[in-house]
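The values are calculated or read from the model by the stated rules, or taken from the named source; none is laboratory data. Fair warning: this is a prediction, and the values are worked out from it, not measured in the lab. Heads up, the Cβs are rebuilt from the backbone with ideal geometry, glycines too, and the neighbour counts pull from every protein chain shown. These accessible areas exclude ligands, DNA and RNA; they are computed on the full protein's heavy atoms, side chains included. Shrake-Rupley method; radii C 1.70, N 1.55, O 1.52, S 1.80 Å.
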Amino acid sequence: VLAPVRQRAEYIIDTSALTNAKLRGEVLRIFGGGADTPAMSVNVISFGFKYGMPLDADLVFDVRFLPNPFYVEELKLLSGLDAPVRDYVFSFEQSNVFMDKLTDMIEYLLPLYIEEGKYSLTIAIGCTGGRHRSVAVASALAGHLKCFGVPTVSINRCLLYTSDAADD
């Protein structure tokens, strides 16, 4: 029935032995406009565990082991995007060691995800309330990925907490 369509086709792809990633690669090779490697979009979000984990996250990291700025009176009402909170979080050795290991792992994983055909990755960073530590780490990770050359990085903060949250 489809023989007339097949005769008119410019391209024929036999998909019987192709994985999804290989099929995607073949379609990109034919129709991708010459791009060697497809761009991956990375979305970095912060969240509070006490409100639940984001359902769409591919990778979730828990930073509740880091010192909590919530218990420092002058930092309590600020967020991880504010310099005093960011400086506090990264004034501890474990914060910097964690960031080194996290960025190394993400740099290792990104090319593997791309090779497998994944075009979007959501990385979620969580602390207790999602206001201080997770925001500072997510922001630092997004900045690192931009410097690493990831074409699209966005950072979103899950606004699930209230201003009178009991703790970070």
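Data for the structure
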{"quantity": "Members of the range 108-129 found to be of a type outside the set (A, V, I, L, M) and closer than 18 Å to F98 by Cα, listed by number", "calculated": "Y108, G126, C127, T128"}
{"quantity": "Residue that is nearest to P111 (Cα to Cα) [pool: residues in the range 1-27 that are of a type outside the set (A, V, I, L, M) and in a loop (DSSP other than H, G, I, E, B)]", "calculated": "T19"}
{"quantity": "F98 being closer than 21 Å to G143 by Cα and of a type outside the set (S, T, Y)", "calculated": "yes"}
{"quantity": "Long-range neighbours under 6 Å by Cβ, at least six apart or interchain, first residue within 17 Å of V150 (Cα to Cα) within the range 115-137, second assigned to a helix (DSSP H, G or I) and open to solvent by less than 30 Å² (accessible area, probe 1.4 Å)", "calculated": "E116/A21; G117/A21"}
{"quantity": "Tabulated pairs, the range 11-33, first farther than 17 Å from Y113 by Cα, second among the aliphatic types (A, V, I, L, M), C-beta under 7 angstrom, 6+ apart or interchain", "calculated": "Y11/I30; T15/L23"}
{"quantity": "Every residue from the range 26-42 that is out of contact with any helix residue (DSSP H, G or I) (no Cβ under 9 Å at 6 or more places or on another chain) and at pLDDT 75 or above", "calculated": "E26, V27, R29, I30, F31, S41"}
